[in-house]
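The values are calculated or read from the model by the stated rules, or taken from the named source; none is laboratory data. Computed from a prediction, not measured in an experiment: that's the story for all the values here. Positions of Cβ are backbone-derived with ideal geometry, glycine not excepted, and every protein chain shown enters the neighbour counts. Heads up: the accessible areas ignore ligands, DNA and RNA and are worked out on the full protein's heavy atoms, side chains in. Shrake-Rupley method; radii C 1.70, N 1.55, O 1.52, S 1.80 Å.
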2 protein chains.
Amino acid sequence: MSHMVYGCLMTMDRERVLRTAAALLARKSTATMDEVARAAGIGRATLHRHFAGRDALIRALEQLGIQEFEAALDKARLDDDAASDALRRLITEMDPAADLLAFLYTENQLFEGDQINEGWARLDARVCDLFRRGQQQGEFRIDLTPAWLTEALYALVGSCAWAVMDGRVAKKDFQHMTAELLLGGARRVEK
Amino acid sequence: MSHMVYGCLMTMDRERVLRTAAALLARKSTATMDEVARAAGIGRATLHRHFAGRDALIRALEQLGIQEFEAALDKARLDDDAASDALRRLITEMDPAADLLAFLYTENQLFEGDQINEGWARLDARVCDLFRRGQQQGEFRIDLTPAWLTEALYALVGSCAWAVMDGRVAKKDFQHMTAELLLGGARRVEK
DNA sequence: ACCATATGAGACATCAACGTCTCATTCAGA
DNA sequence: TCTGAATGAGACGTTGATGTCTCATATGGT
């Protein structure tokens, strides 16, 4: 049966196209479908065969981003040991998907309430729980709300990814810059 | 002469339109010229009489943002006393313009090299100098580059403004949340 | 070598936003 | 009250991106 091979090739290609699209759209969020196709090295018609339209492409990117972020959350084992170390692990795991997440973070404002993927709420909750645990265990300061720390994590990951793309921050420093700034701000100050 | 009155009214109105446009575009960066006009309570034709086109509107917003940011930098007296306190003052002064700056920060990626206002470089340098001074005086940690701390300031101000718009952070907490997180991350840790 | 499928290139209609225009109305100052 | 400028509403034409279509070609499996 060619169905197995067909399906496999499709998903592989689909994956590759999505990666390329994410990389391009992270830099230029208004990139044309034609530009996306060229960047992926395929024709515009083929791009439309994979994704019904621009909306479908963005939604697929959103889905991919949710998957990657969720995988990062799983791999980071947020409930193990100190919250600081868990946060460090999370940032490390987020690194490969930073571009995609940065794009989705700024683009999410466009999903005007009508159709927000419920996946984000679940992921938000997991991150929020980590900060809350850190606060309850006396590791993090309590005057910064978990919701804000969560928001700050996204913002710093996104802006650091953007700074790396623009050459203002070295790629190898991504984890250190993001983690240290956020941890320094979140950690409780010993008196 | 009606010219004086005319000019005054125009600039006043222009200012008001720009404010409204900034508030709207910060939430929905793809807002139509028609939506911008409606939001400002004027007709689309009138909007075009004030600003030659969408480009001109964005450029005017950019100019306004640069002005406001520069004024904030001046009022914050970045060279006085401790760098920490100067940074706190800066964030306080940025508060009123946070929405506009948040919009411009995310929108700047669209100015693809061809026409970047040189004003930003000057402002970047002033902020960067503040962080550098803090490092040289032993107040800030030196493993985070001034360029990254500058970027982080923009990112945190922007995302906090956005969080306030969405009700995830209380408006009165803007300064505290932003300043404390950034300062905690920037400050040198006593051993 | 053959055939089915996927692909790339391009043509085409559609559509939304833009920019320009006109015209009736409103409003402020003389 | 009169007059001229500014405004709002709307009617255009234009443009750029989108989505759909066809057809020739390439590719991969048999």
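Among all residue pairs at least 6 apart or on different chains, which show Cβ distances below 7 Å where the first residue, located in region A:170-191, is over 17 Å from residue A:154 (Cβ atoms) and the second is open to solvent by 20 Å² or more (accessible area, probe 1.4 Å) and at pLDDT 95 or above?
If the second residue must be open to solvent by 20 Å² or more (accessible area, probe 1.4 Å) and at pLDDT 95 or above, the pairs left are A:171/A:164.
For residue A:119, state whether it is over 24 Å from residue B:153 (Cβ atoms) and either open to solvent by less than 50 Å² (accessible area, probe 1.4 Å) or in the same structural domain as residue A:78 (by TED's automatic domain parsing) (or both).
On the way: over 24 Å from residue B:153 (Cβ atoms): yes; either open to solvent by less than 50 Å² (accessible area, probe 1.4 Å) or in the same structural domain as residue A:78 (by TED's automatic domain parsing) (or both): yes.
Yes: the conditions hold for residue A:119.
Filter region B:46-92 down to the residues that are more than 16 Å from DNA strand C (Cβ to nearest atom), open to solvent by 60 Å² or more (accessible area, probe 1.4 Å) and in a helix (DSSP H, G or I) and list them by number. Walk me through how you get there before you give the answer.
Restricting attention to region B:46-92, the residues satisfying the condition of being more than 16 Å from DNA strand C (Cβ to nearest atom) are B:63-92.
Cutting the leftovers down to open to solvent by 60 Å² or more (accessible area, probe 1.4 Å) gives us B:63, B:67, B:74-75, B:77, B:79-81, B:85, B:88.
B:63, B:67, B:74, B:75, B:85, B:88 - these are the residues of region B:46-92 that are more than 16 Å from DNA strand C (Cβ to nearest atom), open to solvent by 60 Å² or more (accessible area, probe 1.4 Å) and in a helix (DSSP H, G or I).
With respect to the numbered conditions (1) surrounded by fewer than 16 Cβ atoms within 10 Å (Cβ to Cβ); (2) farther than 22 Å from residue A:31 by Cβ, which one is the sole condition not fulfilled by residue A:96?
(2)
Which is over 24 Å from residue B:180 (Cα atoms) and part of a helix (DSSP H, G or I), of A:127, A:164?
Details: A:127 fails: over 24 Å from residue B:180 (Cα atoms).
The unique qualifying residue is A:164.
Which one of A:98, A:163 is under 16 Å from the mean Cα position of the chain (by Cα) and either farther than 21 Å from residue B:161 by Cα or in contact (Cβ under 8 Å) with a residue 24 or more places away in the chain (or both)? Steps first, answer last, please.
Values: A:163 fails: either farther than 21 Å from residue B:161 by Cα or in contact (Cβ under 8 Å) with a residue 24 or more places away in the chain (or both).
The conditions single out A:98.
Restricted to region B:16-45, and to residues that are within 16 Å of DNA strand D (Cβ to nearest atom) and crowded, with 20+ Cβ neighbours inside 10 Å, which residue is farthest from the chain's Cα centre (by Cα)?
The selected residue is B:37.
How many residues are within 14 Å of chain A (Cβ to nearest Cβ), closer than 17 Å to residue B:105 by Cβ and part of a helix (DSSP H, G or I) when one looks only at region B:21-37?
5
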